[in-house]
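Below you will find the structure I want to go over with you.
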Amino acid sequence: MKGVVIIGSGHAGCNTAINLRRAGFSESIKIFSKENYYPYHRPPLSKKFFKGDLTEENILLKNSTFYEDNNIEIHLNTFISEVDIKNNFIRTTSGDDYEFSYLVFATGTSSRVFADNMFPGIDIFYLRNIDDVKRIQTALTDNSKPLLIGGGYIGLELAASMQEMGHTVSIIELEDRLLKRVTAPIMSTFFQDLHESKGVNVLCNQSIQSIKVDKKGNYLVTTDNGTIIDTNILIAGIGAIPNDDLAQNAGIKCKNGILIDEYCRTNVPHVFAAGDCANGFNNLLGYSIRLESVPNANAQAKVVASSIIGNEDLNRELPWFWSDQYDLKLQMAGLSNGYDDVYIQGKIEDNAFIVCYGKEGNLIAVDSVNMPKIFNNYKKALSNGMRLSMELVSDSNFDPASLFSASY
Ligand SMILES: Cc1cc2nc3c(=O)[nH]c(=O)nc-3n(C[C@H](O)[C@H](O)[C@H](O)COP(=O)(O)OP(=O)(O)OC[C@H]3O[C@@H](n4cnc5c(N)ncnc54)[C@H](O)[C@@H]3O)c2cc1C
(Lines give C-alpha, C1' and ligand atoms only; values in the text may rest on other atoms or scores of the structure.)
Protein backbone atom coordinates (compact mmCIF):
# COMPACT_ATOMS: atom_id res chain seq x y z
CA MET A 1 0.00 0.00 0.00
CA LYS A 2 1.32 3.43 -0.91
CA GLY A 3 -0.70 5.45 1.63
CA VAL A 4 0.12 8.96 2.79
CA VAL A 5 3.53 10.60 2.73
CA ILE A 6 3.97 13.74 4.85
CA ILE A 7 7.01 15.96 4.36
CA GLY A 8 7.73 17.80 7.62
CA SER A 9 7.10 16.75 11.20
CA GLY A 10 6.06 20.05 12.78
CA HIS A 11 2.60 20.85 14.11
CA ALA A 12 1.02 20.56 10.65
CA GLY A 13 2.71 17.32 9.58
CA CYS A 14 2.42 15.48 12.87
CA ASN A 15 -1.20 16.51 13.43
CA THR A 16 -2.17 15.44 9.93
CA ALA A 17 -0.99 11.93 10.82
CA ILE A 18 -2.72 12.02 14.22
CA ASN A 19 -6.01 13.20 12.71
CA LEU A 20 -5.87 10.54 10.00
CA ARG A 21 -5.45 7.77 12.57
CA ARG A 22 -8.16 9.27 14.79
CA ALA A 23 -10.52 9.19 11.83
CA GLY A 24 -9.79 5.49 11.33
CA PHE A 25 -7.52 5.84 8.29
CA SER A 26 -5.86 2.44 8.01
CA GLU A 27 -3.41 2.83 5.13
CA SER A 28 0.26 3.48 5.72
CA ILE A 29 1.42 6.91 6.97
CA LYS A 30 5.03 8.01 6.62
CA ILE A 31 6.41 11.26 8.04
CA PHE A 32 9.78 12.59 6.88
CA SER A 33 11.69 15.16 8.89
CA LYS A 34 15.06 16.70 8.24
CA GLU A 35 15.34 17.33 11.98
CA ASN A 36 16.69 14.61 14.23
CA TYR A 37 14.04 15.04 16.94
CA TYR A 38 10.61 13.53 17.36
CA PRO A 39 7.91 16.12 16.59
CA TYR A 40 7.93 18.87 19.18
CA HIS A 41 6.21 22.13 20.15
CA ARG A 42 8.11 24.97 18.50
CA PRO A 43 6.80 27.98 20.54
CA PRO A 44 8.74 27.10 23.75
CA LEU A 45 12.03 27.44 21.83
CA SER A 46 12.08 31.19 22.49
CA LYS A 47 10.42 30.90 25.89
CA LYS A 48 10.59 28.20 28.60
CA PHE A 49 12.77 25.76 26.64
CA PHE A 50 15.25 28.52 25.87
CA LYS A 51 15.47 29.40 29.57
CA GLY A 52 15.96 25.75 30.50
CA ASP A 53 12.60 25.49 32.31
CA LEU A 54 11.48 22.72 29.91
CA THR A 55 13.47 19.77 28.58
CA GLU A 56 13.40 18.17 25.12
CA GLU A 57 11.18 15.46 26.58
CA ASN A 58 8.73 18.07 27.95
CA ILE A 59 8.14 19.69 24.57
CA LEU A 60 7.41 16.56 22.53
CA LEU A 61 4.06 16.65 20.73
CA LYS A 62 3.68 12.92 21.50
CA ASN A 63 6.03 10.54 23.25
CA SER A 64 8.28 8.55 20.93
CA THR A 65 6.34 5.28 21.34
CA PHE A 66 3.14 6.94 20.06
CA TYR A 67 4.24 6.61 16.44
CA GLU A 68 4.94 2.90 16.60
CA ASP A 69 1.78 2.29 18.63
CA ASN A 70 -0.24 4.07 15.95
CA ASN A 71 1.56 2.54 13.01
CA ILE A 72 2.99 5.87 11.88
CA GLU A 73 6.39 5.43 10.25
CA ILE A 74 8.62 8.35 11.16
CA HIS A 75 11.89 9.00 9.31
CA LEU A 76 14.02 11.48 11.24
CA ASN A 77 17.14 13.18 9.89
CA THR A 78 15.84 12.58 6.37
CA PHE A 79 15.70 15.41 3.88
CA ILE A 80 13.38 15.11 0.91
CA SER A 81 15.13 16.56 -2.09
CA GLU A 82 12.76 15.64 -4.89
CA VAL A 83 9.07 15.06 -5.47
CA ASP A 84 7.65 13.43 -8.58
CA ILE A 85 3.91 14.08 -8.78
CA LYS A 86 3.45 12.22 -12.07
CA ASN A 87 4.90 8.95 -10.83
CA ASN A 88 3.91 9.60 -7.21
CA PHE A 89 7.14 9.19 -5.32
CA ILE A 90 9.48 11.27 -3.19
CA ARG A 91 13.27 10.95 -3.03
CA THR A 92 15.53 11.48 -0.03
CA THR A 93 19.01 13.00 -0.30
CA SER A 94 20.42 9.48 0.14
CA GLY A 95 18.55 8.42 -2.99
CA ASP A 96 15.79 6.33 -1.37
CA ASP A 97 12.39 6.55 -3.05
CA TYR A 98 8.99 6.25 -1.35
CA GLU A 99 5.73 6.01 -3.23
CA PHE A 100 2.52 7.69 -2.16
CA SER A 101 -1.18 7.80 -2.96
CA TYR A 102 -1.51 11.15 -1.16
CA LEU A 103 1.25 13.64 -0.47
CA VAL A 104 1.20 16.37 2.19
CA PHE A 105 3.64 19.27 2.23
CA ALA A 106 4.09 20.44 5.83
CA THR A 107 7.52 21.91 5.32
CA GLY A 108 7.09 25.08 7.41
CA THR A 109 9.37 28.07 7.02
CA SER A 110 13.07 28.87 7.26
CA SER A 111 14.55 31.87 9.01
CA ARG A 112 15.12 34.82 6.73
CA VAL A 113 18.89 35.38 6.81
CA PHE A 114 21.20 38.25 5.90
CA ALA A 115 23.04 37.96 2.59
CA ASP A 116 26.55 36.48 3.05
CA ASN A 117 28.23 39.67 1.90
CA MET A 118 26.39 41.93 4.36
CA PHE A 119 28.41 41.18 7.49
CA PRO A 120 31.31 39.00 6.29
CA GLY A 121 33.09 37.01 8.99
CA ILE A 122 30.47 37.82 11.65
CA ASP A 123 28.50 34.97 13.25
CA ILE A 124 24.82 35.79 13.35
CA PHE A 125 22.46 33.32 15.01
CA TYR A 126 18.87 32.58 13.99
CA LEU A 127 16.18 30.68 15.87
CA ARG A 128 13.93 28.13 14.23
CA ASN A 129 14.64 24.74 15.78
CA ILE A 130 16.14 22.91 18.76
CA ASP A 131 19.63 22.87 17.21
CA ASP A 132 19.48 26.68 16.85
CA VAL A 133 18.63 26.98 20.56
CA LYS A 134 21.59 24.75 21.45
CA ARG A 135 23.93 26.83 19.28
CA ILE A 136 22.80 30.08 20.92
CA GLN A 137 22.97 28.62 24.42
CA THR A 138 26.54 27.46 23.78
CA ALA A 139 27.54 30.93 22.62
CA LEU A 140 26.00 32.68 25.65
CA THR A 141 28.37 33.27 28.53
CA ASP A 142 27.48 34.49 32.03
CA ASN A 143 26.21 38.05 31.76
CA SER A 144 26.30 38.14 27.96
CA LYS A 145 25.31 41.27 26.07
CA PRO A 146 23.15 39.92 23.26
CA LEU A 147 21.90 42.16 20.47
CA LEU A 148 18.64 41.07 18.89
CA ILE A 149 18.19 42.24 15.35
CA GLY A 150 14.46 42.62 14.69
CA GLY A 151 11.69 43.61 17.08
CA GLY A 152 9.09 41.03 16.05
CA TYR A 153 7.66 38.31 18.28
CA ILE A 154 10.66 36.00 18.23
CA GLY A 155 13.03 38.89 18.99
CA LEU A 156 10.88 40.15 21.84
CA GLU A 157 10.35 36.70 23.35
CA LEU A 158 14.07 36.01 23.23
CA ALA A 159 14.77 39.43 24.72
CA ALA A 160 12.44 38.64 27.63
CA SER A 161 13.96 35.18 28.15
CA MET A 162 17.55 36.40 28.04
CA GLN A 163 16.87 39.41 30.26
CA GLU A 164 15.30 37.02 32.79
CA MET A 165 18.41 34.81 32.51
CA GLY A 166 20.54 37.75 33.63
CA HIS A 167 21.94 38.94 30.31
CA THR A 168 22.04 42.58 29.22
CA VAL A 169 19.89 42.74 26.13
CA SER A 170 19.55 45.25 23.28
CA ILE A 171 17.05 45.15 20.42
CA ILE A 172 17.50 47.01 17.16
CA GLU A 173 14.45 47.48 14.94
CA LEU A 174 14.43 49.00 11.47
CA GLU A 175 10.84 50.27 11.73
CA ASP A 176 9.81 53.19 13.90
CA ARG A 177 8.12 50.85 16.38
CA LEU A 178 8.21 47.24 17.61
CA LEU A 179 5.79 44.68 16.12
CA LYS A 180 4.80 47.18 13.43
CA ARG A 181 3.80 44.52 10.91
CA VAL A 182 1.32 42.84 13.23
CA THR A 183 -0.11 45.29 15.72
CA ALA A 184 -1.32 48.83 16.41
CA PRO A 185 0.90 51.63 17.79
CA ILE A 186 -0.72 51.31 21.21
CA MET A 187 0.55 47.72 21.58
CA SER A 188 3.98 48.65 20.20
CA THR A 189 4.30 51.37 22.82
CA PHE A 190 3.13 48.99 25.53
CA PHE A 191 5.77 46.40 24.59
CA GLN A 192 8.55 48.95 24.23
CA ASP A 193 7.73 50.36 27.70
CA LEU A 194 7.55 46.85 29.13
CA HIS A 195 10.95 45.79 27.79
CA GLU A 196 12.59 49.07 28.76
CA SER A 197 11.18 48.77 32.27
CA LYS A 198 12.93 45.38 32.51
CA GLY A 199 16.23 46.93 31.42
CA VAL A 200 16.26 46.07 27.70
CA ASN A 201 17.84 48.71 25.48
CA VAL A 202 15.31 49.20 22.63
CA LEU A 203 16.49 51.06 19.51
CA CYS A 204 13.80 51.64 16.88
CA ASN A 205 14.15 53.31 13.50
CA GLN A 206 17.75 52.17 13.22
CA SER A 207 19.67 49.66 11.20
CA ILE A 208 23.17 48.24 11.45
CA GLN A 209 25.73 50.15 9.46
CA SER A 210 28.88 48.29 10.46
CA ILE A 211 30.14 45.64 12.86
CA LYS A 212 33.71 45.67 14.16
CA VAL A 213 35.30 42.90 16.18
CA ASP A 214 37.66 43.83 19.04
CA LYS A 215 40.65 41.80 20.28
CA LYS A 216 38.50 39.86 22.75
CA GLY A 217 36.07 38.86 20.02
CA ASN A 218 33.35 41.30 21.16
CA TYR A 219 31.42 43.27 18.58
CA LEU A 220 31.05 47.02 18.28
CA VAL A 221 27.92 47.60 16.24
CA THR A 222 27.39 51.04 14.76
CA THR A 223 23.87 51.95 13.66
CA ASP A 224 22.95 54.31 10.84
CA ASN A 225 22.34 57.16 13.29
CA GLY A 226 25.71 56.69 14.96
CA THR A 227 24.68 54.74 18.07
CA ILE A 228 27.34 52.25 19.14
CA ILE A 229 26.25 48.99 20.74
CA ASP A 230 28.74 46.83 22.60
CA THR A 231 27.66 43.20 22.22
CA ASN A 232 29.09 39.69 22.25
CA ILE A 233 26.33 37.78 20.48
CA LEU A 234 24.12 38.72 17.56
CA ILE A 235 20.77 37.01 17.02
CA ALA A 236 18.49 37.93 14.14
CA GLY A 237 14.73 37.51 14.05
CA ILE A 238 14.01 39.17 10.73
CA GLY A 239 11.17 37.04 9.47
CA ALA A 240 10.64 33.69 7.85
CA ILE A 241 10.27 32.44 4.31
CA PRO A 242 8.01 29.54 3.31
CA ASN A 243 9.72 26.28 2.36
CA ASP A 244 7.91 25.93 -0.95
CA ASP A 245 10.82 25.32 -3.36
CA LEU A 246 10.39 21.53 -3.28
CA ALA A 247 6.73 21.92 -4.27
CA GLN A 248 7.55 24.54 -6.86
CA ASN A 249 10.19 22.31 -8.46
CA ALA A 250 7.60 19.54 -8.64
CA GLY A 251 5.29 21.80 -10.65
CA ILE A 252 2.89 22.74 -7.84
CA LYS A 253 1.60 26.30 -7.90
CA CYS A 254 3.21 28.57 -5.31
CA LYS A 255 3.05 32.24 -4.50
CA ASN A 256 4.31 33.26 -1.08
CA GLY A 257 3.83 29.62 -0.10
CA ILE A 258 2.13 26.60 -1.61
CA LEU A 259 -1.26 27.65 -2.96
CA ILE A 260 -4.16 25.63 -1.53
CA ASP A 261 -7.93 25.91 -1.56
CA GLU A 262 -10.25 25.75 1.47
CA TYR A 263 -9.84 21.94 1.49
CA CYS A 264 -6.04 22.37 1.64
CA ARG A 265 -5.72 20.89 -1.86
CA THR A 266 -2.99 22.13 -4.16
CA ASN A 267 -3.55 22.36 -7.90
CA VAL A 268 -2.74 18.62 -8.00
CA PRO A 269 -5.74 16.67 -6.64
CA HIS A 270 -3.92 14.16 -4.41
CA VAL A 271 -1.33 16.65 -3.11
CA PHE A 272 -2.08 18.82 -0.06
CA ALA A 273 -0.29 21.42 2.02
CA ALA A 274 -0.74 22.71 5.56
CA GLY A 275 0.84 25.09 8.06
CA ASP A 276 3.41 27.84 7.61
CA CYS A 277 4.39 26.69 4.11
CA ALA A 278 0.85 27.05 2.75
CA ASN A 279 -0.95 30.06 1.36
CA GLY A 280 -4.52 28.92 1.75
CA PHE A 281 -8.09 30.02 1.25
CA ASN A 282 -9.82 30.71 4.54
CA ASN A 283 -13.60 30.52 4.33
CA LEU A 284 -14.19 32.72 7.36
CA LEU A 285 -12.06 35.52 5.91
CA GLY A 286 -13.12 34.96 2.31
CA TYR A 287 -9.59 35.21 0.94
CA SER A 288 -6.24 33.40 0.84
CA ILE A 289 -3.56 34.06 3.40
CA ARG A 290 -0.32 32.49 4.63
CA LEU A 291 -0.17 32.44 8.42
CA GLU A 292 2.65 31.47 10.75
CA SER A 293 0.93 30.16 13.85
CA VAL A 294 0.34 26.88 15.63
CA PRO A 295 -3.49 27.20 15.62
CA ASN A 296 -3.42 27.64 11.84
CA ALA A 297 -1.11 24.63 11.36
CA ASN A 298 -3.35 22.49 13.59
CA ALA A 299 -6.55 23.63 11.87
CA GLN A 300 -5.17 22.95 8.39
CA ALA A 301 -3.85 19.54 9.52
CA LYS A 302 -7.45 18.63 10.42
CA VAL A 303 -8.70 19.82 7.06
CA VAL A 304 -6.04 17.83 5.16
CA ALA A 305 -6.92 14.65 7.06
CA SER A 306 -10.60 15.23 6.41
CA SER A 307 -9.97 15.80 2.69
CA ILE A 308 -7.93 12.60 2.43
CA ILE A 309 -10.63 10.49 4.05
CA GLY A 310 -13.27 12.21 1.91
CA ASN A 311 -15.15 14.27 4.53
CA GLU A 312 -14.29 17.61 2.97
CA ASP A 313 -14.28 19.87 6.05
CA LEU A 314 -13.47 23.48 5.20
CA ASN A 315 -10.76 25.71 6.61
CA ARG A 316 -12.65 28.44 8.46
CA GLU A 317 -10.31 28.90 11.42
CA LEU A 318 -10.11 32.43 12.79
CA PRO A 319 -6.46 33.53 12.64
CA TRP A 320 -5.16 33.67 16.19
CA PHE A 321 -1.83 33.64 17.95
CA TRP A 322 -0.22 34.04 21.35
CA SER A 323 3.08 35.24 22.74
CA ASP A 324 4.54 34.99 26.26
CA GLN A 325 6.96 37.65 27.46
CA TYR A 326 8.02 37.92 31.12
CA ASP A 327 4.85 37.17 33.09
CA LEU A 328 2.54 38.50 30.38
CA LYS A 329 0.33 36.52 28.05
CA LEU A 330 -0.47 38.28 24.81
CA GLN A 331 -3.27 36.73 22.73
CA MET A 332 -4.49 37.97 19.38
CA ALA A 333 -7.58 36.96 17.44
CA GLY A 334 -8.67 38.17 14.03
CA LEU A 335 -6.65 40.39 11.71
CA SER A 336 -6.55 44.07 12.55
CA ASN A 337 -5.36 45.24 9.08
CA GLY A 338 -7.29 48.27 7.90
CA TYR A 339 -8.87 49.01 11.29
CA ASP A 340 -10.37 52.50 11.65
CA ASP A 341 -11.38 52.44 15.30
CA VAL A 342 -9.81 51.26 18.56
CA TYR A 343 -11.37 50.75 21.97
CA ILE A 344 -9.43 49.67 25.05
CA GLN A 345 -11.10 47.52 27.64
CA GLY A 346 -9.32 47.23 31.00
CA LYS A 347 -6.27 49.17 32.13
CA ILE A 348 -2.95 49.36 30.31
CA GLU A 349 -1.20 50.47 33.52
CA ASP A 350 -2.38 47.26 35.26
CA ASN A 351 -0.97 45.09 32.43
CA ALA A 352 -4.49 43.71 31.95
CA PHE A 353 -6.36 45.04 28.94
CA ILE A 354 -7.83 44.22 25.57
CA VAL A 355 -7.43 46.33 22.45
CA CYS A 356 -10.58 46.00 20.31
CA TYR A 357 -10.09 46.90 16.64
CA GLY A 358 -13.08 48.07 14.62
CA LYS A 359 -13.64 48.56 10.94
CA GLU A 360 -16.69 50.23 9.43
CA GLY A 361 -18.44 50.06 12.80
CA ASN A 362 -17.81 46.39 13.62
CA LEU A 363 -15.22 44.53 15.67
CA ILE A 364 -12.62 42.77 13.48
CA ALA A 365 -9.85 41.78 15.91
CA VAL A 366 -8.68 41.86 19.51
CA ASP A 367 -5.25 41.92 21.17
CA SER A 368 -5.37 40.84 24.80
CA VAL A 369 -2.80 41.20 27.56
CA ASN A 370 -3.43 38.98 30.57
CA MET A 371 -7.22 38.81 30.05
CA PRO A 372 -7.63 35.24 28.74
CA LYS A 373 -11.28 34.72 29.75
CA ILE A 374 -12.60 37.83 28.03
CA PHE A 375 -10.27 37.16 25.10
CA ASN A 376 -11.73 33.67 24.67
CA ASN A 377 -15.26 35.04 24.44
CA TYR A 378 -14.25 37.59 21.80
CA LYS A 379 -12.37 34.86 19.94
CA LYS A 380 -15.43 32.62 20.06
CA ALA A 381 -17.65 35.43 18.78
CA LEU A 382 -15.28 36.29 15.92
CA SER A 383 -14.82 32.58 15.09
CA ASN A 384 -18.59 32.19 14.84
CA GLY A 385 -18.73 35.13 12.45
CA MET A 386 -20.79 37.25 14.91
CA ARG A 387 -21.01 40.91 13.99
CA LEU A 388 -20.33 42.96 17.10
CA SER A 389 -20.75 46.68 16.69
CA MET A 390 -18.03 48.89 18.15
CA GLU A 391 -20.86 50.76 19.86
CA LEU A 392 -21.72 47.60 21.79
CA VAL A 393 -18.07 46.68 22.44
CA SER A 394 -17.27 50.14 23.81
CA ASP A 395 -20.24 50.16 26.19
CA SER A 396 -18.65 49.96 29.66
CA ASN A 397 -21.38 47.51 30.76
CA PHE A 398 -20.70 45.09 27.91
CA ASP A 399 -19.29 41.70 28.85
CA PRO A 400 -18.64 39.39 25.85
CA ALA A 401 -19.54 36.40 28.05
CA SER A 402 -23.14 37.62 27.80
CA LEU A 403 -23.10 36.68 24.11
CA PHE A 404 -23.02 33.04 25.07
CA SER A 405 -25.28 33.09 28.12
CA ALA A 406 -28.81 31.71 27.74
CA SER A 407 -30.45 35.06 28.50
CA TYR A 408 -28.76 36.94 25.67
C1 LIG B 1 10.95 30.46 18.22
C2 LIG B 1 9.54 30.36 17.74
C3 LIG B 1 8.49 30.71 18.60
C4 LIG B 1 7.17 30.63 18.16
N5 LIG B 1 6.17 30.97 19.02
C6 LIG B 1 4.88 30.84 18.63
C7 LIG B 1 3.81 31.12 19.53
O8 LIG B 1 4.02 31.54 20.67
N9 LIG B 1 2.54 30.92 19.10
C10 LIG B 1 2.26 30.46 17.83
O11 LIG B 1 1.08 30.28 17.48
N12 LIG B 1 3.26 30.21 16.95
C13 LIG B 1 4.55 30.39 17.32
N14 LIG B 1 5.57 30.13 16.44
C15 LIG B 1 5.22 29.72 15.06
C16 LIG B 1 4.91 28.24 15.04
O17 LIG B 1 5.92 27.52 15.68
C18 LIG B 1 4.72 27.79 13.60
O19 LIG B 1 3.62 28.49 13.08
C20 LIG B 1 4.48 26.30 13.53
O21 LIG B 1 5.60 25.59 14.01
C22 LIG B 1 4.17 25.89 12.10
O23 LIG B 1 4.09 24.50 12.02
P24 LIG B 1 4.45 23.77 10.65
O25 LIG B 1 4.24 22.32 10.91
O26 LIG B 1 3.74 24.41 9.54
O27 LIG B 1 5.99 24.07 10.39
P28 LIG B 1 7.26 23.73 11.25
O29 LIG B 1 6.92 23.60 12.69
O30 LIG B 1 8.28 24.72 10.86
O31 LIG B 1 7.71 22.29 10.74
C32 LIG B 1 8.17 22.06 9.43
C33 LIG B 1 9.14 20.91 9.47
O34 LIG B 1 9.41 20.47 8.14
C35 LIG B 1 10.78 20.15 8.03
N36 LIG B 1 11.16 20.17 6.62
C37 LIG B 1 11.14 21.24 5.78
N38 LIG B 1 11.54 20.87 4.54
C39 LIG B 1 11.81 19.54 4.61
C40 LIG B 1 12.27 18.60 3.65
N41 LIG B 1 12.50 18.93 2.38
N42 LIG B 1 12.47 17.32 4.06
C43 LIG B 1 12.22 16.96 5.34
N44 LIG B 1 11.78 17.82 6.29
C45 LIG B 1 11.57 19.10 5.92
C46 LIG B 1 11.43 21.25 8.87
O47 LIG B 1 12.73 20.90 9.24
C48 LIG B 1 10.49 21.29 10.07
O49 LIG B 1 10.86 20.34 11.03
C50 LIG B 1 6.89 30.20 16.84
C51 LIG B 1 7.95 29.85 15.98
C52 LIG B 1 9.26 29.93 16.42
C53 LIG B 1 10.38 29.55 15.49
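The values are calculated or read from the model by the stated rules, or taken from the named source; none is laboratory data. Keep in mind that what you see is a predicted model, and the values were worked out from it rather than measured. Virtual Cβ from ideal backbone geometry, glycine too; neighbours counted across all protein chains shown.
Based on this model, can you work out whether Glu349 counts as free of Cβ contacts under 8 Å to residues at least 24 places away in the same chain and not assigned by TED's automatic domain parsing to the domain that holds Met162?
Yes.
Let me ask something additional. On the given criteria, is Ser9 within 15 Å of the ligand (Cβ to nearest atom), of a type outside the set (Phe, Trp, Tyr) and in contact with a Pro (Cβ under 6 Å, 6 or more places away or on another chain)?
yes
Right, next: How many of the residues in the range 9-29 are of a type in the set (Gly, Ala, Ser) and surrounded by fewer than 19 Cβ atoms within 10 Å (Cβ to Cβ)?
Here the count works out to 4.
Would a scan of the range 89-96 turn up a residue that is among the hydrophobic types (A, V, I, L, M, F, W, C) and more than 25 Å from the chain's Cα centre (by Cα)? Give the steps one after another, and end with the answer.
If we filter the range 89-96 for residues that are among the hydrophobic types (A, V, I, L, M, F, W, C), which is where we start, we get 89-90.
Filter once more, so that each one left must be more than 25 Å from the chain's Cα centre (by Cα): 89-90.
So far as the range 89-96 goes, yes, one or more of its residues are among the hydrophobic types (A, V, I, L, M, F, W, C) and more than 25 Å from the chain's Cα centre (by Cα).
Among the residues of the range 230-248, write down those that are more than 23 Å from His167 (Cβ to Cβ) and either free of Cβ contacts under 8 Å to residues at least 24 places away in the same chain or not in a strand (DSSP E or B) (or both).
Within the range 230-248, Gly239, Asn243, Asp244, Asp245, Leu246, Ala247, Gln248 meet the criteria.
Can you tell me which residue in the range 103-123 is nearest to the chain's Cα centre (by Cα), limited to those that are more than 16 Å from the ligand (Cβ to nearest atom) and touching a residue at least 12 places away in the same chain (Cβ under 8 Å)?
Once the filter is applied, the top-ranked residue is Phe114.
Looking only at the range 186-223, count every residue that is part of a loop (DSSP other than H, G, I, E, B) and under 30 Å from the mean Cα position of the chain (by Cα) and tell me the total.
Here the count works out to 7.
Next question. Would you mind finding the one in Asn283, Asn225, Asn256 that is at pLDDT below 95 and surrounded by fewer than 20 Cβ atoms within 10 Å (Cβ to Cβ)?
Unique residue meeting the criteria: Asn225.
State whether the residues of the range 1-20 include one that is of a type in the set (A, V, I, L, M, F, W, C), in a loop (DSSP other than H, G, I, E, B), farther than 30 Å from Gly155 by Cβ and touching an Asp or Glu at 6+ places or on another chain (Cβ under 7 Å).
Checked the range 1-20: at least one residue is of a type in the set (A, V, I, L, M, F, W, C), in a loop (DSSP other than H, G, I, E, B), farther than 30 Å from Gly155 by Cβ and touching an Asp or Glu at 6+ places or on another chain (Cβ under 7 Å).
Out of the range 22-65, which residues are small (Gly, Ala, Ser) and over 19 Å from Asp276 (Cα atoms)? Walk me through it before giving the result.
Quick first cut of the range 22-65, residues small (Gly, Ala, Ser) only: 23-24, 26, 28, 33, 46, 52, 64.
Residues satisfying the conditions are Ala23, Gly24, Ser26, Ser28, Gly52, Ser64.
Residue check: is Thr92 more than 14 Å from the ligand (Cβ to nearest atom), assigned by TED's automatic domain parsing to the domain that holds Ala299 and over 20 Å from Ile309 (Cα atoms)?
So Thr92 does not fit the description; no.
Every residue, every condition in (1) in contact with a Pro (Cβ under 9 Å, 6 or more places away or on another chain); (2) under 27 Å from Ile309 (Cα atoms); (3) surrounded by 19 or more Cβ atoms within 10 Å (Cβ to Cβ), yes or no:
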| residue | (1), (2), (3) |
| --- | --- |
| Ile31 | yes, yes, yes |
| Leu60 | yes, yes, no |
| Asn70 | no, yes, no |
| Val83 | no, yes, yes |
| Tyr102 | no, yes, yes |
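Please work out if Lys34 is in contact with a Phe, Trp or Tyr (Cβ under 8 Å, 6 or more places away or on another chain) and near the ligand (Cβ under 8 Å from one of its atoms).
So Lys34 passes the test.
Go through (1) touching a strand residue (DSSP E or B) at 6+ places or on another chain (Cβ under 8 Å); (2) at pLDDT 95 or above; (3) at negative phi one by one and return the number of the condition Lys2 breaks.
(2)
Now, a different point. Test Thr92 against the criterion of being of a type in the set (Ser, Thr, Tyr) and either modelled with pLDDT under 95 or surrounded by 14 or more Cβ atoms within 10 Å (Cβ to Cβ) (or both), and give yes or no.
yes
Please work out which one of (1) within 12 Å of the ligand (Cβ to nearest atom); (2) in contact with a Phe, Trp or Tyr (Cβ under 8 Å, 6 or more places away or on another chain) is the condition Glu73 fails and give its number.
Result: Glu73 passes all but (1).
For residues in the range 259-316 being away from the ligand (no atom under 15 Å from the Cβ) and charged (D, E, K, R), which is nearest to Ala106 (Cα to Cα)?
Taking the candidates together, the pick is Arg265.
Please determine whether any residue of the range 161-168 is within 15 Å of the ligand (Cβ to nearest atom) and aliphatic (A, V, I, L, M).
yes
Glu157 fails exactly one of the following numbered conditions: (1) within 13 Å of the ligand (Cβ to nearest atom); (2) closer than 26 Å to Cys356 by Cα; (3) assigned to a loop (DSSP other than H, G, I, E, B). What is the number of that condition?
The one condition Glu157 does not meet is (3).
If you scan the range 191-205, which residues turn out to be more than 14 Å from Met162 (Cβ to Cβ) and surrounded by fewer than 16 Cβ atoms within 10 Å (Cβ to Cβ)? Spell out the reasoning first.
We begin by selecting, within the range 191-205, every residue more than 14 Å from Met162 (Cβ to Cβ); these are 191-194, 196-197, 203-205.
Scanning the range 191-205 gives Asp193, Glu196, Ser197, Asn205.
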